[in-house]
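Here is the structure we will look at, set down as structure tokens.
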Amino acid sequence: MRAMKDSGIEWIGQIPQGWHVDRLKYCADLDSEKLSEKTDPEYAFNYIDISSVTEYGGIGSTQEMTFDKSPSRARMIVHDGDTIISTVRTYLKAIAYIDGLEDHVCSTGFCVVTPNEKLHPKFGYYLLQSDYFVQKIVSESVGVSYPAISSTEIGNMSIAIPDPEEQTRIALHLDNKCAEIDALIAAKVKTNALLKERRQSIIYEAVTKGLNPNAPMKDSGVEWIGEIPEEWETRRIKYCFDVFAGATPKSGNSEFWDGDVVWVTPADYTTEQKYITQGRKYITQEGFESCSTEMIPAGSLIFSKRAPIGLVAINMVELCTNQGCLSCVPKDGNDVEYFYYAFSCFAEQFDLYGSGTTFKEISADAFVNFPIPFPSTEEQKEISEHLRIKCSELDTLISANEATIQKLKEYRQSIIYEAVTGKIEV
């Protein structure tokens, strides 16, 4: 068993004999190179932001921009071998290793860590993106919606490091192990993408073509729907549902909030969840009466008209919504689950009906005039039952793969943590 000693740093704990503790700023230069304010305004560079950082610490898409059009803090220069750490919204854990990028790639909202001779670049990256270091960054960040930390504070944090030779061994070991795990994760992600495509295809075929492959067909009159069974119709949503808009009580009035009236927004549900029973916030009866929202009976469809357009779920309890939702109460005994499936596979078409500059939104008028394939009520129920069974089978496979992906991610983090803290000897 490896001989250990107390690091003297509570959040680091024990480290191997022969390792030592140092502050990050003594093992690396931080934010060492910046574009001059005298840079040519037309100078073009690739710009990195938080959205550029991939889940496993690489750089995905970057945006090309010129100096005069760049955000005011887009001045940091990064080079291969640097590690960048997000200093804003630190809970996102946006930490990336720079590899294969041209020089003069600028970033904003990051601390740029350039290792010196004390710190192997790849070992440093693994250490900085390990759970114990990330948790320290998050715990030291200030703010609620956008917790942030300064590069100076990051530089003052302590790290435990072995000699250069062992750092190199650990870095190579983690490169190999993480590559193996990442390949397994990628395979599962690809499989799930195919399963989800298959799920959507099954839904689309059922809600536009029915279950009888021999049924005579006719033109629906809607290009993106194509042919439908001869006995079906296409109906606008307003002839299938009574549609109600939502609203929000004044946020500054405490008497309107924390009551027992269920109130939901598009952020409270996803299409994949299918059903909704509650939101993150509740309003009081006074709050409900203070605005123009409506109480919607259970068994209706809740549709998001913005941010994003097209989320849909069936409410299992009576509730009301904010203005980001449109609530659809079925008419004439229509089967709500059939329309749930139909809405779910027409998300792209709904989005095409949206407009706006700051964010896209589908108007109530455009929504209620949206055409939907309309079979008889009996056939609606047959289709929804068929899809319930088929989708359940696929959802089981997808869930199993997602569980495996999560376990692989946890295993990946555990081997990084154990290696960069010396819990295992490489």
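The residues of segment 103-237 expose, per residue, 49 Å² of accessible area to a 1.4 Å probe.
Where Rh denotes the Kirkwood radius from the mean inverse Cα pair distance, what is Rg over Rh for segment 377-426? Could you put the intermediate results ahead of the total?
On the way: Rg = 20.9 Å, Rh = 14.0 Å.
Reported Rg/Rh (Cα atoms, Kirkwood Rh): 1.49.
How much of THR270 can a 1.4 Å solvent probe reach, expressed as accessible area in Å² and rounded to 10? Result for THR270: roughly 50 Å² accessible. Distances over 17 Å make up what percent of all Cα-Cα pairs in segment 56-112? Beyond 17 Å sits 35 percent of the P(r) for segment 56-112.
In a shell of Cβ-Cβ distance under 13 Å around GLN17, excluding GLN17 itself, what net charge do Lys and Arg (+1) and Asp and Glu (-1) give?
For residues surrounding GLN17, the net value is -2.
Summarised in one figure, the compactness ratio Rg/Rh of segment 137-260, Cα atoms and Kirkwood Rh, is 1.25. Among HIS20, HIS79, the order of accessible area from largest down is HIS20, HIS79, computed with a 1.4 Å probe on protein heavy atoms.
Whole-Hz Karplus values for segment 284-289 come out as 8, 4, 5, x, 4, 6 Hz, taken residue by residue from phi with 6.51 cos²θ - 1.76 cosθ + 1.60 and θ = phi - 60°; glycine and proline positions read x.
Once you divide the Cα radius of gyration of segment 1-121 by 2.2 N^0.38 Å, the number left is 1.26.
Computed with every protein chain present, the accessible area of ARG236 is close to 110 Å² [probe 1.4 Å].
Compute the semi-axes of the equivalent ellipsoid of segment 275-336, taking the square root of 5 times each eigenvalue of the Cα gyration tensor, and list them largest first in whole Å. Let's see the in-between values first.
Values: eigenvalues 73, 42, 24 Å².
In descending order, the three semi-axes are 19, 14, 11 Å.
With only the Cα atoms considered, segment 114-165 has a convex hull volume of 90 Å³ per residue.
Determine the alpha carbon to alpha carbon distance for each of LYS5/LYS409; LYS305/LYS409; LYS93/LYS250; LYS177/LYS423 and list only those over 25 Å. Beyond 25 Å: LYS5/LYS409; LYS305/LYS409; LYS93/LYS250.
Determine the order of SER151, SER86 by accessible area, beginning with the largest, at a probe radius of 1.4 Å.
Working: SER151 25, SER86 5 Å².
Listed by decreasing accessible area, they come as SER151, SER86.
Spatially, segment 360-382 and segment 224-262 are offset by 11 Å when compared through their Cα centroids.
Dimensions of segment 93-202 based on its C-alpha atoms, expressed as ranges along the principal axes with the largest first, amount to 55, 40, 31 Å.
Placing one equal scatterer on every Cα of segment 52-155 and applying the Debye formula, the log10 ratio I(q)/I(0) at q = 0.13, 0.20 Å⁻¹ is -0.45, -1.08. Normalised by the number of residues in the chain, the average gap of Cα pairs under 8 Å and 6 or more apart makes the relative contact order 15 percent.
Can you tell me the convex hull volume per residue for the chain, based on C-alpha atoms, in Å³ to the nearest whole number?
195
At 222 nm, what helix-only mean residue ellipticity would the chain give, in deg cm²/dmol to the nearest 500, using -39500 (n - 2.57) for each DSSP H run of four or more? The partial results should precede the final answer.
Working: 9 runs with 140 residues, N = 426.
Computed mean residue ellipticity for the chain: -11000 deg cm²/dmol.
With every protein chain in place and a 1.4 angstrom probe, the accessible-area ranking of THR191, THR265, largest first, reads THR191, THR265.
Relative contact order for segment 105-203: what percent, with Cα pairs under 8 Å and sequence separation of 6 or more?
Working: 32 pairs, mean separation 27.6, N = 99.
Worked out over segment 105-203, it gives 28 percent.
Taking every protein chain into account, the 1.4 Å probe leaves ARG306 with about 60 Å² of accessible area, to the nearest ten. Pairs of alpha carbons in segment 244-395 separated by more than 28 Å make up 21% of all such pairs.
For the chain, which whole percent of the accessible surface, found with a 1.4 angstrom probe, sits on carbon and sulfur atoms? Please report the intermediate quantities before stating the final value.
Numbers: 10510 of 21350 Å².
In the chain, the share of accessible area belonging to carbon and sulfur is 49 percent.
The values are calculated or read from the model by the stated rules, or taken from the named source; none is laboratory data. From a predicted model like this one, the values you see are computed outputs, not experimental measurements. Here the Cβ is made from the backbone with ideal geometry for all residues, glycine too, and neighbour counts use every protein chain on show. Heavy atoms of the whole protein, side chains included, go into the accessibility calculation; ligands, DNA and RNA do not. Shrake-Rupley method; radii C 1.70, N 1.55, O 1.52, S 1.80 Å.
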